[in-house]
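Okay, structure first, notes after.
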Amino acid sequence: MSESASHQEIDEGLYSRQLYVLGVDAMRKMGASNVLVVGLKGLGCEVAKNVVLAGVKSVTLYDPAAVEIADLSSQFFLSESDVGKPRAEVAAPRLAELNQYVPVSVLDKELTPEVISGFKCVVVTELPLQRRLEISAAARQANVCFISTEIRGLFGYAFNDFGPGFVVADPTGEEPLTGMIANIEQGADGVVTCLDETRHGLEDGQLVTFAEVRGMTELNGCEPRRVKTLGPYTFSIGDTSVLSQYGGGGVFTQVKEPATVGFATLAEALESPEYFYADFAKFDRPPQLHVGFQALHAFAAAHGGRMPRAGNDEDADQVIRLANEINDRWSQKTELDEKLLRMLAYQATGDLSPMVAVFGGLVAQEVLKACSAKFSPIKNFMYFDALECLPVGFDPAQEDFAPRGSRYDGQVAVFGRRFQEKLGNLREFLVGSGAIGCEMLKNWAMMGVATGPGGVVHVTDMDTIEKSNLNRQFLFRPSDVGKLKSDTAAAAVAAMNPDIGGKIVTHQDRVGPETESIYNDAFYEGLDGVTNALDNVVARKYMDTRCLFYRKPLLESGTLGTKGNTQVVIPHLTETYSASRDPEEKQIPICTLKNFPSAIEHTIQWARDLFAGLFTQPAENVNAYLASPGNAKELFNQGNANTQAQTLATIRDFLVAKRPLTFKECVVWARLNFEELYNNTIQQLLFNFPKDSVSSSGQPFWAPPKRAPDAIAFDPKDELHVDFVVAAANLHAFNYGLAGSRDRALIRDMAAAVAVPQFVPKSGVKIQVNENERPGDDAPGDSDEAEVDSIAASLPAPSTFAGVRLEPADFEKDDDSNFHIDFITAASNLRASNYGIAVADRLRTKQIAGKIIPAIATTTSLVTGLVCLELYKLVGATDGTNVRKVDDYKNGFVNLALPFFGFSEPIAPAKIECCGEQFTEWDSIDFEGDITVQELIDRISDKYSLAVSMISYGVSMLYSPFTSKAKAKARLQMRFSEVIADVTGKEIPAHIKWAPLVVCCDDADDEEVDLPEIRVKIRD
């Protein structure tokens, strides 16, 4: 079988995060698609990199031109030693390293129609306009998807022609909407009402089908019906008058519809363009840039292929004249801004890594759309510019743009030489070197960040490289698996740009309160800014507090599949990251998990908890007991007597009563657990609440969203049943260091032979029905202290188990050989079968149980490019007199699936009034020197006419009305370093310079006044 991704088996270990974005069907279509990339400067290489990582059948490169030193401005797979060699031949082997399943070859023929017809998609990045028109026509003739894209400094465009009738199988990629039904009217409109507090989310014209409907059973599995929304909880499905009377229950599910999109050829679109607007604040620019790019190509055609010289007014005047001529001939003549066209001409030789990243990610996603028919493609042109990145007061002389044979010439052509020197002396802290971190380091290396005498990049990441990282974190190779991310990423970008070698300081320490001795005052004071490349909110919020405290700008970003966001946080100018919070993730009620699941997410979470309760926590408890002096009751004294008794009983069972000595005993244990979980527990539940039981209000107890379950009898012929026993037995064996087995036939026979005691439901068992009730223990009666004492006394002394330790199974989702996901999948699907819930496959279960964030390299590339554009703005934020305004900065949200781009001005920080002054969260009242408590009180009184009532440091109260007179008097004369040490009982660590205080004050009317944070500098 070929190693191409077109094979039926997709390497889930490599592609798992991307599979959650695209799905198996789309991946298989991509695996059958050949892609041609024309032009291997920075943009072509970025597109090819992302497409290779994604896993198409093959990528072919065409660019016979020789490497020039200026290409190194953004082409990360070229080096100075490659100058003079054919670009495609140099780049091909380095691109091939990215993915063993994707062959990368060099096209050594001319781009004839016959050659073009052999590809699913052709991307053109580096050709004259006339040649692009010819290839576009040939691609249309051969039914090949055609993409044209180009970057000129801070300007760029992308164009798609996927043919006259391109079918998009899934326009959005979102999961089909589904919901539980409360009622369906029998009538002409067929009004469907959803359960209370369950918004259906549907839109007019969408299709739905039904399942589990009682009474009106004709709807179950019916042909999709088109809906009309009537409100957030109701919609109509047309005439239901001829159907049976609705009897209850039911679930609706949205049916996705394919969409057919018609495209114009490049020649047609030049005359009659359709625009995708990336920034509605620049609504007038796409038509002007449409003319402007044609004028650049006309200029090049008249000057032997060269573009206008950087900052050259003579060349710019010619471009403006050509633009006016083209505009005058155009049927859709537009108003041209001469200043905009002049900037386009000035930057025509510019080559910026951030722009390459933005368009490289965007265009690569369009290639994947062409290959997979997944997500909505751009129709036809998208123009984008980031002129606001130019430095404040920008007016350099033409010679400042002149090329000097440097790898940074492409960037200097846009920003000038002095700006390049500023970039070289930046001192940045990159937090994380995963997917975004790798892209960020690559862009910084191309930009020349920290390559000057005063520059440095600190990067930290405590993780090591895993196989699943290789699909997105392109600095890593299979041979790097197991190595530290920060070290490996730093070495990789140093190879791309030797100028940054020795300028990257790597760390492996998690950012947090426990590492503030490492990332201390001196560390942050030596930085120009911080860039987050994190994957969790807790760390993001912590870094936000650090940047707030030290007044450092923060560049924040994140991705979720095809969605991405960026945020710029600037001291005193914008609100902080933490100022705007996403809603808290909704938690599944305990009673739902334990007894009343209604969705597969519930059963998967239940199975994940079961995994910990069977294979992790008991082993940890046993080990804790064995490492203790022997007083088990005191050791596990948390919770009530029930919890304590259950914990001690589990230790007794795992250590003595039910400790297995052979693998066969592990199979028996697994089989008995099957019986308890899927038969006995369900029988008990139905004994307490029979299917025909009613609530105190007279309503059916098992009304939606509750589902009445059915017990499952073990069947050795049912593969799902055997899956559970195989996984559970092997995990139990792992806990005890016993050899497991993968012989399903053997395990099947062992399980079938187990003698299972007959179960009889018990009276008096308490089962929690809703969140307001006290959780029951699902066992008769309550444990008391006597029972706890009895179990504790029955435990042998730890000394009798010298050298014995169990091995807890620490959940690891990405190891397919460890039975972790196998167990959770089987356990969840059996639970789902109990309750009549549609089961989930292993991939879906792995995503939910492992809380895996869907990810794809295209989004990462684009988002990182947007962040680096904001970095340009920060570097050029002032000319010494003028300061950049907040409306130059952009917070962004993108969804490449739709596609959608949204940019907004950052929100200004909230202001508070105090004593006639305005403060924001960025402000503090600082006191230099290790002053006394009395001095602080006096200074606040003198400046603000306020009386200090309380002073605290963290959770420690330093001064308050409740302090005894003797203590208060003594503390007033103490310096803050002394009083903090006295109250907390420990010296302030040597790395801390500033002591942040919360000071409560009252005004003359005894009204409490809020002051900003007060900081005392206790040491230099």
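The values are calculated or read from the model by the stated rules, or taken from the named source; none is laboratory data. Everything numeric in this text was worked out from a predicted model, so none of it was measured. We place every Cβ from the backbone using ideal geometry, glycine too, and count neighbours over all the protein chains shown. In case anyone asks, the SASA skips ligands and DNA or RNA and just uses the protein heavy atoms, side chains included. Shrake-Rupley method; radii C 1.70, N 1.55, O 1.52, S 1.80 Å.
Inside the range 556-580, residues that are open to solvent by less than 10 Å² (accessible area, probe 1.4 Å), of a type outside the set (A, V, I, L, M, F, W, C) and more than 27 Å from K369 (Cβ to Cβ) make up a count of 3.
Considering every residue within the range 605-615, establish whether at least one is without any contact (Cβ under 8 Å) to a residue 60 or more places away in the chain, open to solvent by less than 60 Å² (accessible area, probe 1.4 Å) and in contact with a Leu (Cβ under 9 Å, 6 or more places away or on another chain). No, the range 605-615 contains no residue that is without any contact (Cβ under 8 Å) to a residue 60 or more places away in the chain, open to solvent by less than 60 Å² (accessible area, probe 1.4 Å) and in contact with a Leu (Cβ under 9 Å, 6 or more places away or on another chain).
Annotation note: Cβ proximity below 6 Å between a residue of the range 168-191 that is more than 30 Å from A897 (Cβ to Cβ) and a residue that is at pLDDT below 95 (sequence gap 6+ or interchain) occurs for A182/L195.
The condition (being farther than 28 Å from F689 by Cα and in contact (Cβ under 8 Å) with a residue 24 or more places away in the chain) is satisfied by just one residue among A641, A624, A645, A649: A649. Restricting the range 216-235 to residues that are farther than 14 Å from G179 by Cβ and among the polar types (S, T, N, Q), the residue that is least open to solvent (accessible area, probe 1.4 Å) is N220. Please verify whether F654 is open to solvent by 10 Å² or more (accessible area, probe 1.4 Å), aromatic (F, W, Y), more than 30 Å from T878 (Cα to Cα) and not in a loop (DSSP other than H, G, I, E, B), treating the condition exactly as stated. In short, yes.
Evaluate the range 75-83: report whether one residue or more is among the polar types (S, T, N, Q), open to solvent by less than 10 Å² (accessible area, probe 1.4 Å) and in contact (Cβ under 8 Å) with a residue 24 or more places away in the chain. Reasoning before the result, please.
The initial filter retains those residues of the range 75-83 that are among the polar types (S, T, N, Q), namely 75, 79, 81.
Filter once more, so that each one left must be open to solvent by less than 10 Å² (accessible area, probe 1.4 Å): 75.
Filter once more, so that each one left must be in contact (Cβ under 8 Å) with a residue 24 or more places away in the chain: 75.
Yes, the range 75-83 contains at least one residue that is among the polar types (S, T, N, Q), open to solvent by less than 10 Å² (accessible area, probe 1.4 Å) and in contact (Cβ under 8 Å) with a residue 24 or more places away in the chain.
Contact map, the range 658-680: residues that are in contact (Cβ under 8 Å) with a residue 60 or more places away in the chain paired with residues that are open to solvent by 70 Å² or more (accessible area, probe 1.4 Å) and part of a helix (DSSP H, G or I), Cβ distance under 9 Å, separation 6+ or inter-chain. Pairs shown: R659/E665; V667/L746.
Among the residues making up the range 499-532, those that are more than 30 Å from W994 (Cα to Cα) and in contact (Cβ under 8 Å) with a residue 40 or more places away in the chain are D499, I500. Taking the criterion of being open to solvent by less than 10 Å² (accessible area, probe 1.4 Å), polar (S, T, N, Q) and within 17 Å of L14 (Cα to Cα), the residues of the range 846-887 that qualify are T858, T860. Assessment of the range 452-466 against the conditions (within 12 Å of K485 (Cα to Cα), in contact (Cβ under 8 Å) with a residue 60 or more places away in the chain and of a type outside the set (S, T, Y)) yields at least one matching residue. Of the residues L866, L898, the single one that is part of a helix (DSSP H, G or I) and either more than 15 Å from the chain's Cα centre (by Cα) or closer than 22 Å to D395 by Cβ (or both) is L866.
When D1002, D1010 are screened for being under 23 Å from E921 (Cβ atoms) and open to solvent by 90 Å² or more (accessible area, probe 1.4 Å), only D1010 passes. Is at least one residue of the range 171-183 more than 29 Å from the chain's Cα centre (by Cα), among the polar types (S, T, N, Q) and open to solvent by 20 Å² or more (accessible area, probe 1.4 Å)? Scanning the range 171-183 turns up at least one residue that is more than 29 Å from the chain's Cα centre (by Cα), among the polar types (S, T, N, Q) and open to solvent by 20 Å² or more (accessible area, probe 1.4 Å).
Would you check if K911 is of a type outside the set (S, T, N, Q), open to solvent by 50 Å² or more (accessible area, probe 1.4 Å), in contact with a strand residue (DSSP E or B) (Cβ under 7 Å, 6 or more places away or on another chain) and modelled with pLDDT under 95?
Details: of a type outside the set (S, T, N, Q): yes; open to solvent by 50 Å² or more (accessible area, probe 1.4 Å): yes; in contact with a strand residue (DSSP E or B) (Cβ under 7 Å, 6 or more places away or on another chain): yes; modelled with pLDDT under 95: yes.
The answer is yes for K911.
Check whether at least one residue in the range 26-41 is in contact with a strand residue (DSSP E or B) (Cβ under 8 Å, 6 or more places away or on another chain), of a type in the set (S, T, Y), open to solvent by less than 20 Å² (accessible area, probe 1.4 Å) and farther than 19 Å from S468 by Cα, and report yes or no. Checked against the condition, which is being in contact with a strand residue (DSSP E or B) (Cβ under 8 Å, 6 or more places away or on another chain), of a type in the set (S, T, Y), open to solvent by less than 20 Å² (accessible area, probe 1.4 Å) and farther than 19 Å from S468 by Cα, the range 26-41 yields at least one hit.
When the residues of the range 707-741 are filtered to those that are buried (at least 20 other Cβ atoms within 10 Å of the Cβ) and polar (S, T, N, Q), the one that is farthest from A670 (Cα to Cα) is N735.
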